[in-house]
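A.B. asks: Structure provided below as structure tokens; questions to follow.
The values are calculated or read from the model by the stated rules, or taken from the named source; none is laboratory data. Treat the numbers as computed from the prediction; the structure is a model and nothing was measured. Cβ placement follows ideal geometry from the backbone for every residue including glycine, while neighbour counts extend to all protein chains displayed. These area figures cover heavy atoms from the full protein model, side chains too; ligands, DNA and RNA do not enter into them. Shrake-Rupley method; radii C 1.70, N 1.55, O 1.52, S 1.80 Å.
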Amino acid sequence: MIVAPSLLASNFGKLAAEAQRAERAGADWLHLDIMDGHFVPNISFGPEVVRALRPQVKMFFDVHLMCSKPDMLLEPFAKAGADQIIIHAELGDKVAGLIWRIKSLGCKVGLAINPPTMISEAEPYLAQIDLLLVMTVNPGFGGQPFIREALPKVAQAWEWRQRRALGYRIEVDGGINAATAAECAAAGADTLVSGTALFGKRNMKQAVSTLRKAAERHRRHMVVPTAT
Ligand code: DX5
Ligand code: ZN
């Protein structure tokens, strides 16, 4: 189970210290939400901030682009130290080219789907991606309530992965706390983004461990067909 605290919920006045707090808390990845004020009704931060954070921590940088025109941002984020770049399936016919471009920049590639978007929109790309992000809130802001209706998409992603012997991770993002993480893990999620429920806690180490344990207890396991 990978736990990825979302820096969006941190104190922006001391970003590096907050990133280090996540690392000391035992988080595996740092989730970096990039918002352009167009694809979503909010603005967060850009590649220069990511570049400044890169030498401060060793964590894997999971960069989530909620941007209408990610084309011009891929190279700046790759150069700034992104390990993985996630783009949105809602970009339609731009997706195939963006996936190729992210890979050619030497980064892992993720594909995200918003709550109203059908998972069939992601299906054509499953063999090319390292991660499928099933959004469990409408992106734009931290601290929103979990949208349970997204869970069947997590289950479908898990079943496709098993049936087709693919290797993408299944990530969930939005309203994730110990209770909702358990539900997501039971449906097949293996990568948990969580902002408010981690950065909002004074004892983040305990919060990371509670989240991880709740999800691991409910984790959906591979079904190995038995010969009879
Ligand atoms: C939502 C972002 C999330 C957000 C999650 O637009 O993609 O990563 O920060 O925050 P919480 O866990 O507070 O819902
Ligand atoms: Zn995110």
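A.B. asks: Sticking with the crude label model, points 7 Å out along Cα→Cβ, report the distance from Trp100 to Phe12 in nm, one decimal please.
C.D. replies: 3.6 nm
A.B. asks: What order, most packed first, do the peptides 126-137, 17-28 have when packing is the mean number of other Cβ atoms within 10 Å of each residue? Let's see the in-between values first.
C.D. replies: Numbers: 126-137: 22.2, 17-28: 18.5.
So the order, starting with the most tightly packed, is 126-137, 17-28.
A.B. asks: Sticking with this one: With the full set of protein chains in place, find how many percent of the accessible area of the chain is carbon and sulfur; take the probe as 1.4 Å.
C.D. replies: Values: 5610 of 10280 Å².
Roughly 55 percent of what the probe reaches on the chain is carbon or sulfur.
A.B. asks: Moving to a separate point now. Based solely on its DSSP helices, what 222 nm [θ] is calculated for the chain when runs of n ≥ 4 H residues each add -39,500 (n - 2.57) and the sum is averaged over all residues, nearest 500 deg cm²/dmol? Kindly include the intermediate steps, with their values, before the conclusion.
C.D. replies: Numbers: 8 runs with 77 residues, N = 228.
So the helix-based figure for the chain works out to -10000 deg cm²/dmol.
A.B. asks: Lys and Arg at +1, Asp and Glu at -1: add these up for the other residues within a Cβ distance under 14 Å of Ala52 and post the number. Write down the numbers at each step before the final one.
C.D. replies: On the way: positive: Lys14, Arg51, Arg54, Lys79; negative: Glu18, Glu48.
In short, +2.
A.B. asks: OK, next. Sorted by average packing, counted as other Cβ atoms within 10 angstrom per residue and highest first, what order do 46-53, 181-188 take?
C.D. replies: Numbers: 46-53: 17.0, 181-188: 22.6.
Ranked from most to least packed, the peptides come out as 181-188, 46-53.
A.B. asks: Under a Cβ-only charge scheme (Lys and Arg +1, Asp and Glu -1), can you give me the dipole magnitude of region 1-40 about the Cα centre, in debye to the nearest 20?
C.D. replies: Working: 3 positive and 5 negative charges, 39 e Å.
The calculated dipole for region 1-40 is roughly 180 debye.
A.B. asks: Using packing as a proxy for protection, rank 83-93, 214-224 so that the peptide with the highest average count of other Cβ atoms within 10 Å comes first. Can you show the working numbers first?
C.D. replies: Working: 83-93: 20.4, 214-224: 13.2.
Highest-to-lowest ranking by the protection proxy: 83-93, 214-224.
A.B. asks: Still on this model: Skip the ligands, DNA and RNA, and give the accessible area per residue of the chain with a 1.4 Å probe, whole Å². Mind dumping the intermediate values first?
C.D. replies: Working: 10280 Å² over 228 residues.
Value returned for the chain: 45 Å² of accessible area per residue.
A.B. asks: Related question: Where in the chain are the helices, taken as whole DSSP H runs, whose Cα atoms extend 15 angstrom or more along the long axis and whose Kyte-Doolittle mean reaches at least 1.0?
C.D. replies: Values: long enough: 151-164 (20 Å, -1.41); 204-218 (22 Å, -0.88).
The qualifying helices: there are none.
A.B. asks: Normalising by the residue count of the chain, find the relative contact order in percent from Cα pairs under 8 Å and 6+ residues apart.
C.D. replies: Here the relative contact order equals 20 percent.
A.B. asks: If you don't mind, another one. Cβ under 12 Å from Pro139's Cβ, Pro139 left aside: what net charge do those residues give with Lys, Arg +1 and Asp, Glu -1? Working shown, then result.
C.D. replies: Values: positive: none; negative: Asp33, Asp36, Glu90, Asp173.
Surrounding charge for Pro139 is -4.
A.B. asks: Right, here's the next one. Once the Cβ-Cβ distance between Asn203 and Lys79 is put in as r, and R0 is 25 Å, what FRET efficiency do you end up with, to the nearest 0.05?
C.D. replies: Details: r = 35 Å, r/R0 = 1.42.
Efficiency computed from Cβ-Cβ geometry: 0.10.
A.B. asks: Now for a separate question. Mind scanning Lys153/Lys201; Lys79/Lys103; Lys58/Lys94; Lys153/Lys205 and naming the pairs with a C-alpha gap bigger than 20 Å? Working shown, then result.
C.D. replies: Numbers: Lys153/Lys201 29 Å; Lys79/Lys103 13 Å; Lys58/Lys94 32 Å; Lys153/Lys205 30 Å.
Table pairs above 20 Å Cα-Cα are Lys153/Lys201; Lys58/Lys94; Lys153/Lys205.
A.B. asks: With the radius of gyration and the Kirkwood radius both derived from the Cα set of the chain, what is their ratio Rg to Rh? Could you put the intermediate results ahead of the total?
C.D. replies: On the way: Rg = 16.6 Å, Rh = 17.5 Å.
Across the chain, the Cα-based Rg/Rh ratio is 0.95.
A.B. asks: Along the Cα→Cβ direction, 7 angstrom out, place labels at Gln128 and Asp71. What is the inter-label distance in nm?
C.D. replies: With each label placed 7 Å out from Cα toward Cβ, I get 1.5 nm.
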